[in-house]
Amino acid sequence: MLPTGLRSLLDSLAPGNTLAASSLAAPLLPEPELAALSSAWLTEHEQRHYRRFSFAKRRSEWLFGRICAKQAVLDLLSNGTDTQLRPLDITIEAGSTGRPSVVLVGNGHPATEPDISISHSHGMAIAVAGSGLCGVDIQQLNETLYRVKTRYCDEIETALLETTMERDLVQLGLLWVCKEAIRKCFSDIVLLGFLEIHLERISMDQGHRLLHFQLDKPFQTLGLVAVATHVREPYALAVCNVTNERLRHAGIA
């Protein structure tokens, strides 16, 4: 779901903020296969949480989201190093806001855990891991985007989206995933409302569409935040990637 060109674009948007991503189809597998995957990828702490899900679909989505997150962390931390991490060396925990975070188990691992973000939608799961803040969202393009449009899209944004020449459902999908990626990216600082994130312009770079947003308090000092997007029917995908240096320069962290 994250093509090479989009990875290159993300690197250029946040220089020095190394980013890794992993995506998987998340099918409803037979219980023995899910049990085998959970044993291979989940720590005992995570398995206890996994077993609490009563619905097979939700349990499967959660498991594949964790697998993607761990694979992204493994890719990020092993890039150009001799680090020999395994899936069970990594625990993915949910903080008070529900945002996932990484805990590295054992000795000999990097002192600073990477930032991660996870998303899943109708049989697809994706995660990103980065050295700065990151947020990812994937959304199936379906009629729900029309029904809740007033929650996340105003008239100015509708007019801007029409300039993309995409069909209406793709326009709304792009806006939704971008705003969700931004909300996830900054949620440990402040969880912004959808209408506190304002689409200002749309551009193209390296063959991918960038949506540029102005954020309400406390993020105005960041200036415009660019979110990279990708559409592979029937899904829309967005990734937000912000360096810690940029946050410090803006007086936010």
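Values as computed for the structure displayed
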quantity: One residue from THR221, THR158, THR229 being of a type in the set (Ser, Thr, Tyr) and closer than 23 Å to CYS68 by Cβ; calculated: THR229
quantity: Subset of segment 229-245 that is buried (at least 20 other Cβ atoms within 10 Å of the Cβ) and under 24 Å from THR112 (Cβ atoms) - its residue that is farthest from the chain's Cα centre (by Cα); calculated: VAL242
quantity: Whichever residue in segment 188-227 is under 23 Å from VAL128 (Cα atoms) and in a helix (DSSP H, G or I) and, among such residues, is farthest from the chain's Cα centre (by Cα); calculated: LEU222
quantity: Extreme residue, modelled with the highest pLDDT, among residues of segment 100-122 that are part of a loop (DSSP other than H, G, I, E, B) and under 17 Å from LEU19 (Cβ atoms); calculated: PRO114
quantity: Helices (runs of 4 or more DSSP H) lying entirely in segment 1-89 (those with 1 or more residues that are buried (at least 20 other Cβ atoms within 10 Å of the Cβ) and modelled with pLDDT under 90); calculated: 4-13, 56-78
quantity: Residue in segment 159-170 that is under 28 Å from ALA94 (Cβ atoms) and not aromatic (Phe, Trp, Tyr) present; calculated: no
quantity: Matching residues, segment 214-253, being touching a residue at least 40 places away in the same chain (Cβ under 8 Å) and among the hydroxyl-bearing types (Ser, Thr, Tyr); calculated: THR229, TYR235, THR243
quantity: Residue within segment 48-63 that is under 25 Å from ASP89 (Cβ atoms), hydrophobic (A, V, I, L, M, F, W, C) and in contact with a strand residue (DSSP E or B) (Cβ under 9 Å, 6 or more places away or on another chain) present; calculated: yes
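The values are calculated or read from the model by the stated rules, or taken from the named source; none is laboratory data. Predicted model only: the values in this text are computed from it and were never measured. We place every Cβ from the backbone using ideal geometry, glycine too, and count neighbours over all the protein chains shown.
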